[in-house]
Structures are given as structure tokens and as C-alpha cells.
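The values are calculated or read from the model by the stated rules, or taken from the named source; none is laboratory data. Note that the structure is predicted; figures quoted are calculated from it, not measured. Quick reminder, even Gly has a Cβ in these numbers, built from the backbone with ideal geometry, and neighbours come from all protein chains shown. Surface accessibility is based on the protein's heavy atoms, side chains included, excluding ligands, DNA and RNA. Shrake-Rupley method; radii C 1.70, N 1.55, O 1.52, S 1.80 Å.
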Amino acid sequence: MKGYLSDRMGAALLMAPLLLFLALAYAWPFLGVVKWSFTLPTPGVGQYEALLTDDLVQSVFIRTLRIAAIVTLVSVAAAYAITVVWVRGTPTQRLVAEFCILVPFWISVLTRAFGWVALLSNRGLINSWLQAVGFISEPLALVRNEFGVIVGMTHFLIPFAVFPLASAMRALDDRVLLAARGLGSSRMRTFWSVFVPMTRSGIIGAAMIVFVFSLGFFVTPAILGGGRSVMVAELIYLRIFQSPDWGLGAAISVVLVLFVGALMALLFRYVRPRQLI
Amino acid sequence: MRQPGRAAEIKAIGIGKSFGSFRALDNLTLDIGRGEFVTLLGPSGSGKTTFLMILAGFVQPTEGRLFSDGTDITDRPAEQRAAGMVFQGYALFPHMSVEANIAFPLKVRKQSAAEIKRRVGEMIERVGLVGHAKKLPAQLSGGQQQRVALARALVFEPGVLLLDEPFSALDKGLRGQMQAEMKRLHQATGTTFVFVTHDQSEALALSSRVAIFNHGKLLQVGAPNEVYERPANRFVAEFLGEINMLPLKGVRSADNGATALCEDRAISLRGSAEGIDGNAILAIRPEYMSIASEATPGENGIAATATGSTYLGTATRLDLTTKQGARVSVSVPNEVAAAALGNGNSVWLTWPAEKGFLLPDGGQ
Ligand SMILES: Nc1ncnc2c1ncn2[C@@H]1O[C@H](COP(=O)(O)OP(=O)(O)OP(=O)(O)O)[C@@H](O)[C@H]1O
Ligand SMILES: [Mg+2]
């Protein structure tokens, strides 16, 4: 415990310049946004009242939470499988897994979103192939809807879920798994009743990271949702640059930031920051 | 499958293990009898853990076969062998309570809830963990974690219990206590115990037989007094405790033993001198040597000079140098040491013929 505390002091000192930069680059402008939300177009809490009654805003919030939840579930499950191979596979398997994890980082989010459009659209690869083979006669609606958004976001977020999972799996003592086997437990049972519970902190960390990221997603939903599955970030953009209704856009931003802040606080109650790396 | 509760009899025949080009175990043959307490003793890296892992089924031998109660189990996976195993560092399930850790092997065997409860309760009592059942391993002391590991490995009544240096992380007092407790558990359960250590006194104190390893080879197997007093070679002799070595010349077989010249004095030996060609080393444990002021006719002895002494409380250790420069240490009563040192340091070193043994000159 003592070591942990002094570690924290050291870490705080090392991070001081970065914290200062973040304060200037984000906190200061954010205060401006908070101010707008209480002053535009007229001073008061009118914008927040509007939030509670505006059907569009509410449906966007609900959709955002739903998409974030589904993306989190799918990404963490997929990342878990990849990470098991990456951390515990044979040397060749590890190399392949590492490649799959790292390659997405080299391609911009925009490129990847358009890549998915090319794959999923009505005349995209998947639909043309399915039609050519004769499985379907009409193209499936795979894009410009929630499905497309979920696919694109999941693909983007899987690598981010890998790192907290990998650090939890690496910390696990192999002998504990051997012990389980030696006590008569099958591979399957050892995986579910020892391996998975012992990587719980990694699962929580990965889920939180993916969920929080999902809430603020902009590019992927904007492209793969085709304006029909608008998520919160896009809504803020629309209110500020198109309507323009700066006060409402600012109020939505404030609510989103507070929500994410609350989630992060919850996360750090369960997982130490270093377990996420 | 074997019946639970019945001690297993293990036969390892010609076991070898290579990691790449590295030979971790070489042609190891060992019989472990039902209910025996066999200790695998050897320096770090000698292959003890590797052999234990092969017994448990976690490591596949490169050559050789393994039999349990006459059945070949070489290819049987670990979970079907169900040897109880206590790992170095315990390897408890950190997310499960003491109770759940101990219940694990029973749950895996699909025992009824009532049966599990009864046996876990019994085991907790037996290893002295009453009142700790609901705690997590991290909330226990090292000694308590050790008990959980023992309980977990014994609760399903395995035919054999494998223990890899279970006490190496404990302090000396607790170590002694746990050793006594383990001896008691061995008697109470009647299970076959295979125990790994690199502490020779622990090995001698606990086991019915000791198997000494070095560089992946099994050098000698025998009862503690056998390996201590009749070591097969120099390595075993030195590894099991302090030993004095005196060069001998002209070793020759004689009636009930052999004769030889030690520093130009004729001495007699028990045991055969077969295979020894003229020169040899005479090895004697320090506690079997004694000192006198002058030679007694017909008894083995040579002249020596005391060069130092260490007061040990119960006895004094004298460091001596013989005329020809061999260094010897002897453990003697305190007043004998005082007298020897008061007498110009010149002493007569003697030993009973049956306590010395011959080792080949030079090498091993
Ligand atoms: N998986 C492995 N790959 C390569 N070499 C190994 C492996 N496992 C063990 N070895 C080597 O085999 C030798 C014997 O190892 P082992 O763990 O059996 O020794 P030990 O007698 O248990 O030693 P210690 O007292 O230090 O625990 C060592 O030199 C070790 O480096
Ligand atoms: Mg070892």
C-alpha cells in the first residue's frame, strides 16, 4: 500500500506537464461551453429544460447508449478472444494476432469508415456476392443504419479493448491454471471458472474504455449511419454548425461530459489506472 | 479410474526430458512405494521440478514410461491423473475464498453440495483454518496460505501428493512447524507423498527415502541414514552435509574390510575396497571424529594441529590441519576443545573404522 502511494506521487509529478497542457487545451475551452449552455440564447437553465422535453434529443441519447452498450459487448468479447491468442498462443499465433491488433492503428478512422461503406453498401462487396451466389434477391440493408454503425465502431474499438485485457492476462500466474488442471478441472472449466474471473479487472477496464469512447464517436456514425442513426456527438455538431442553436448544443455537451466523468470515476473505483495499460 | 483414498504406487522407468538441446532429465528410474514419503533433493536446476511436473502430467517426458498402480499413465492428461499438487508459491485461486478453494476439486468431481460441505469442513479443521473459511487468499499469512494449498490438494483424497518446495517462502520457525504438520498429515492420510526441496536437513528429517538429483541425473536413492552415512559418491556425500576427506594410499582388501595408509599410518576400513586402485579418499562426517592427546594402539588415527575453533553452544567445532596439509573439522565437547587448545594445539585425530567410507580418488 505504501509503495502504491509513493508510486502515485511519482506518477503525478511525471504527469504534471501533461496535466497542465490538458487543462489549457480542454478544461479552459470547456468552461466556455458551460457558459454558453447557461447564457445562449438567453441567460438561465432554459436549455437544460429543453433537453428534458426535446424528443429528438432524448431519442438520440437513448440510441447512443444502446449502440455503445452493444458495441461494448461485442468489442470486449472479440478482443478477449484475440488477446487470449496474443498472450497465450504459439509464437506464430501471437504474431498473427499482433498483426491484427496493430494494423488498424495505421489506417485512419475515415479510411476505415469508407472501407466499411464499400463492403456493406447495397452495391458493396457483401451484397453483390450474396446476390451473385443467389442467397438473396434484394440487397440487405447493412449500412446507413444502426447495424453499419455498430460494425464500424466495433472494428475501430477492438484494439483499444485488447490492451487492458492483455495486461490482466499477463499478470496471471500460470501455476494457478496448472493447479486447476491438476485438481481435475478440464480446459473448458479452467477457462471459465479460473481464467476469466482472474482477468475481471481487465474486462471491466476494457468495457469502460470502449463504452466511454463509443459515447463520443463522431466520424464512424456520421458516415456509416448516413444521417439516419444520429449519435450524440453528431447531434452536437448539427446544433452548433447547422441549426445553429449553440445553447442547446452546449448543454448536450455538458451532459455528455458529466456522464463520461461519472463513468470514469466509477471505473477508477474498481480498477487502478495502471491496470489499463 | 483408481479408487479415491487409496495410496498410489508409482514407477518411473527411464524417464528423460530435453528442452531443445538441453537435457533436463536423463534416464531416470525410480520406484515409489504405496504410502511412502519420498523427497527429491538436489541443487537448483537439477531437474526436481521437471520430474514432479512429469509425475503430475504437466510436462510430457521425451523418453520413458510412467506407471501408477501398474497402469501406464505416461500419456494421460493431468486432470485425469488427479495427483494432488502443492506448488511453490501456493497457486491458490485468488478470486475464491478459502472454502471455495478447497471445494474446487470436489465441485469439479460433481460431488453433492452436502458432501462438499462436509468434507471441506473436515479439511478446514484438519489443517487448522477454522474461522478463516470466508477469507480470500490475499487476506491470509504465508503459513495459512500454505495450509489452504495442502487442504485443497488433499481434500479429494488423491493417491499421491506432490509438493514443490512448499516451505521455501516461510521463516524458519514456521517451517519447522509446517514440517511437523506435514508429517502428521502423511501419517493421517496414508497417501504417497513426493516432496521436492533443496534443503538437506528438511529432506533427512521428513522422508522415508531421499532421491538425490544433480544435472538431471538421479545419483542415489535410499533411507536418510543410508544416503547420509553411505553416500554413493562425492557429490552426495558433500550435498548431504559437512564431510572430511583424507587422501589414502595403498588401499588393499583385507578380512572384513580393507587396509590403507593414511599420512603414512596404517589404518583399517570396513566395507569393500573393490574397484579402488591403490589411491582413494576416506570420507568421515565431523561428528564421528574425535580427538585425543595421544595415539591408542590398534585404533585409526593421525596427528593434527588445531588452527581454530568455533563455539557452537552445545559443542565446539575445531578446525584442524593434518601433517600433510588436509583440512578437517571435528565437532567435540566444549571442555575437550579447551583442553586441546591449551595443549599447544597438537592433537591426535581418531575415528571408528566403520564410520569412514571410501570414495574414488579425484573426480566424482
Ligand atoms: N520449459 C523449459 N524450457 C527450457 N528449459 C527448462 C524448462 N523448464 C526447465 N528447464 C530447465 O531444466 C533445468 C531443470 O529445471 P527444474 O525447474 O526442474 O530445476 P529444479 O531442480 O526444480 O531447480 P530449483 O531448485 O531451482 O527449483 C533447468 O536448467 C531449467 O532451466
Ligand atoms: Mg524447482
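Just a few scattered comments:
- Any hit, the range B:244-256, residues being in contact (Cβ under 8 Å) with a residue 40 or more places away in the chain, surrounded by 19 or more Cβ atoms within 10 Å (Cβ to Cβ) and assigned to a helix (DSSP H, G or I): no
- Exactly one residue out of A:P91, A:P41 is at negative phi and at pLDDT below 85, and it is A:P41.
- Considering residues of the range B:79-93 that are within 16 Å of ligand 1 (Cβ to nearest atom) and under 18 Å from A:M198 (Cβ atoms) only, the residue farthest from the other protein chains (Cβ to nearest Cβ): B:Y90
- Test: residue in the range B:151-163 that is within 16 Å of ligand 2 (Cβ to nearest atom), open to solvent by less than 40 Å² (accessible area, probe 1.4 Å), assigned by TED's automatic domain parsing to the domain that holds B:V38 and not hydroxyl-bearing (S, T, Y): yes
- One residue from B:A205, B:A180, B:A223 being of a type in the set (A, V, I, L, M), open to solvent by 40 Å² or more (accessible area, probe 1.4 Å), assigned by TED's automatic domain parsing to the domain that holds B:A153 and in contact (Cβ under 8 Å) with a residue 12 or more places away in the chain: B:A205
- Among the candidates A:S214, A:S186, A:S193, residue that is within 13 Å of chain B (Cβ to nearest Cβ) and crowded, with 18+ Cβ neighbours inside 10 Å: A:S193
- With respect to the stated conditions, B:G190 fails to be out of contact with any Phe, Trp or Tyr (no Cβ under 9 Å at 6 or more places or on another chain), away from ligand 1 (no atom under 16 Å from the Cβ), touching a residue at least 60 places away in the same chain (Cβ under 8 Å) and within 14 Å of another protein chain (Cβ to nearest Cβ).
- Candidate set from the range A:44-88 (those that are of a type in the set (V, I, T) and over 26 Å from the mean Cα position of the chain (by Cα)); member that is modelled with the highest pLDDT: A:T53
- Of all residues in the range A:75-102, those that are open to solvent by less than 70 Å² (accessible area, probe 1.4 Å) and closer than 21 Å to A:S214 by Cβ total 10.
- When A:I126, A:I158 are checked against the criterion of being farther than 30 Å from B:Q60 by Cα and open to solvent by less than 50 Å² (accessible area, probe 1.4 Å), A:I158 stands alone in meeting it.
- B:G159 small (G, A, S), without any contact (Cβ under 8 Å) to a residue 60 or more places away in the chain and either at positive phi or within 14 Å of chain A (Cβ to nearest Cβ) (or both): no
- Among the criteria (1) in contact (Cβ under 8 Å) with a residue 40 or more places away in the chain; (2) open to solvent by 20 Å² or more (accessible area, probe 1.4 Å); (3) away from every other protein chain (no Cβ under 13 Å), the one B:M96 does not fulfil is (3).
- The range A:196-211, residues that are among the hydrophobic types (A, V, I, L, M, F, W, C) and either away from every other protein chain (no Cβ under 14 Å) or open to solvent by less than 20 Å² (accessible area, probe 1.4 Å) (or both): A:A206, A:A207, A:M208, A:I209, A:V210, A:F211
- Of the residues A:L238, A:L172, A:L266, the single one that is open to solvent by less than 20 Å² (accessible area, probe 1.4 Å) and either away from chain B (no Cβ under 14 Å) or in contact with a helix residue (DSSP H, G or I) (Cβ under 9 Å, 6 or more places away or on another chain) (or both) is A:L172.
- When B:R76 is tested against (1) assigned to a helix (DSSP H, G or I); (2) of a type outside the set (A, V, I, L, M, F, W, C); (3) open to solvent by 70 Å² or more (accessible area, probe 1.4 Å); (4) within 13 Å of chain A (Cβ to nearest Cβ), just one condition goes unmet, and that condition is (1).
- The lone exception for A:F135 - which of (1) assigned to a loop (DSSP other than H, G, I, E, B); (2) aromatic (F, W, Y); (3) within 17 Å of A:T199 (Cα to Cα) it fails: (3)
- Single unsatisfied condition, B:T62 versus (1) open to solvent by less than 10 Å² (accessible area, probe 1.4 Å); (2) of a type outside the set (D, E); (3) within 16 Å of ligand 1 (Cβ to nearest atom); (4) modelled with pLDDT of 95 or more: (1)
- Residue count for the range B:9-58 under the criterion of being more than 10 Å from ligand 1 (Cβ to nearest atom) and in a strand (DSSP E or B): the result is 17.
- Tallying residues that are within 14 Å of another protein chain (Cβ to nearest Cβ) and more than 14 Å from ligand 2 (Cβ to nearest atom) within the range B:21-67 yields 2.
- Matching residues in the range A:67-90 - criterion: being out of contact with any Gly (no Cβ under 9 Å at 6 or more places or on another chain), touching a residue at least 60 places away in the same chain (Cβ under 8 Å) and not aliphatic (A, V, I, L, M): A:T72, A:S75, A:W86, A:R88
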